[in-house]
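Here's the structure we're looking at; comments come further down.
Readers should treat all values here as calculations from the given coordinates under stated rules, not as data from a laboratory. Just so we're clear, the structure is a prediction, and the values are computed from it rather than from any experiment. All Cβ positions, even for glycine, are placed from backbone atoms using ideal geometry, and neighbour counts span all protein chains on display.
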Amino acid sequence: LAPWLRSLKSRWAAASGALALALLLSAAAPAPAAGGTIQLSADDQFSFAREAAEKGAYTQAVFEFRRFVHFFPDDPRVGEARMAIGRALFMDRQFREAIGAFRDVVDKEGGRLAETALLEISAAHQALGESRAALQALDELLAVTADDDLKDRVWLRVGWIYLDQGEFTAAGQAFAR
């Protein structure tokens, strides 16, 4: 037992010596001056947020995309960042918050992003078991889009929602559209 204790003691001494050296070196490194700034580029922040989402760190992704929107409000990717916030919340199963984030896209972005956000709002309501609200989002989308292919996809979704509810006549009418 004594040789084992001696071995442990020498390993501990070596490890604590290395730790002390690391602390000493980090203390000697120059720290940013008080009131100093850190340079953050829009590209770096957006990439960092995207990486968090790709790794499944959805809470961090939401935080980082929100930081991107806050610090770079004039960047052309702000709409994409807002969509990414909603998608990260959706993937994190925070459906109510996702609906709010997607509604933010509809209200602030318009166009193709708003159309996609309305589809996502519908999906979030479906995930919550709120078929009527899901249908309302799809009705709103049908009212604003001029894209016939998108309308076809929306009617298909409407049909499936009605089918899930057992409303076969309404489902048939939606599929016929």
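Can you tell me which residues in segment 105-114 are out of contact with any helix residue (DSSP H, G or I) (no Cβ under 6 Å at 6 or more places or on another chain) and either crowded, with 21+ Cβ neighbours inside 10 Å or in a helix (DSSP H, G or I) (or both)?
First pass over segment 105-114, keeping only residues out of contact with any helix residue (DSSP H, G or I) (no Cβ under 6 Å at 6 or more places or on another chain): 107-108, 110-112.
Matches in segment 105-114: 107, 108, 111, 112.
Are any residues in segment 156-177 surrounded by fewer than 17 Cβ atoms within 10 Å (Cβ to Cβ) and either aromatic (Phe, Trp, Tyr) or touching a Ser or Thr at 6+ places or on another chain (Cβ under 6 Å) (or both), and if so, which ones?
Initially, segment 156-177 is screened for residues surrounded by fewer than 17 Cβ atoms within 10 Å (Cβ to Cβ), giving 156, 160, 163-170, 172-173, 175-177.
Matches in segment 156-177: 160, 165, 168, 175.
Would you check which residues across segment 101-138 are among the acidic types (Asp, Glu) and free of Cβ contacts under 8 Å to residues at least 12 places away in the same chain and list them? Talk me through it step by step, then tell me what you get.
Narrowing segment 101-138 to residues among the acidic types (Asp, Glu): 104, 107, 109, 115, 120, 130.
Within segment 101-138, 107, 130 meet the criteria.
What are the residues in segment 156-177 that are within 28 Å of the chain's Cα centre (by Cα) and more than 17 Å from residue 132 (Cβ to Cβ), if any?
Answer for segment 156-177, where residues must be within 28 Å of the chain's Cα centre (by Cα) and more than 17 Å from residue 132 (Cβ to Cβ): just 156.
Of all residues being assigned to a loop (DSSP other than H, G, I, E, B) and in contact with a helix residue (DSSP H, G or I) (Cβ under 6 Å, 6 or more places away or on another chain) in segment 115-166, which is farthest from residue 76 (Cα to Cα)? Just the residue, please.
Our first condition is that a residue be assigned to a loop (DSSP other than H, G, I, E, B); within segment 115-166, this holds for 128-130, 145-147, 166.
Narrowing further to those that are in contact with a helix residue (DSSP H, G or I) (Cβ under 6 Å, 6 or more places away or on another chain): 128, 145.
Working: 128: 32, 145: 22 Å.
Among those residues, the one meeting the criterion is 128.
Criterion first (surrounded by 15 or more Cβ atoms within 10 Å (Cβ to Cβ), more than 23 Å from the chain's Cα centre (by Cα), among the β-branched types (Val, Ile, Thr) and over 18 Å from residue 99 (Cα atoms)) does residue 145 satisfy it? Show your work before the answer.
Working: surrounded by 15 or more Cβ atoms within 10 Å (Cβ to Cβ): yes; more than 23 Å from the chain's Cα centre (by Cα): yes; among the β-branched types (Val, Ile, Thr): yes; over 18 Å from residue 99 (Cα atoms): yes.
For residue 145, the condition - surrounded by 15 or more Cβ atoms within 10 Å (Cβ to Cβ), more than 23 Å from the chain's Cα centre (by Cα), among the β-branched types (Val, Ile, Thr) and over 18 Å from residue 99 (Cα atoms) - is met.
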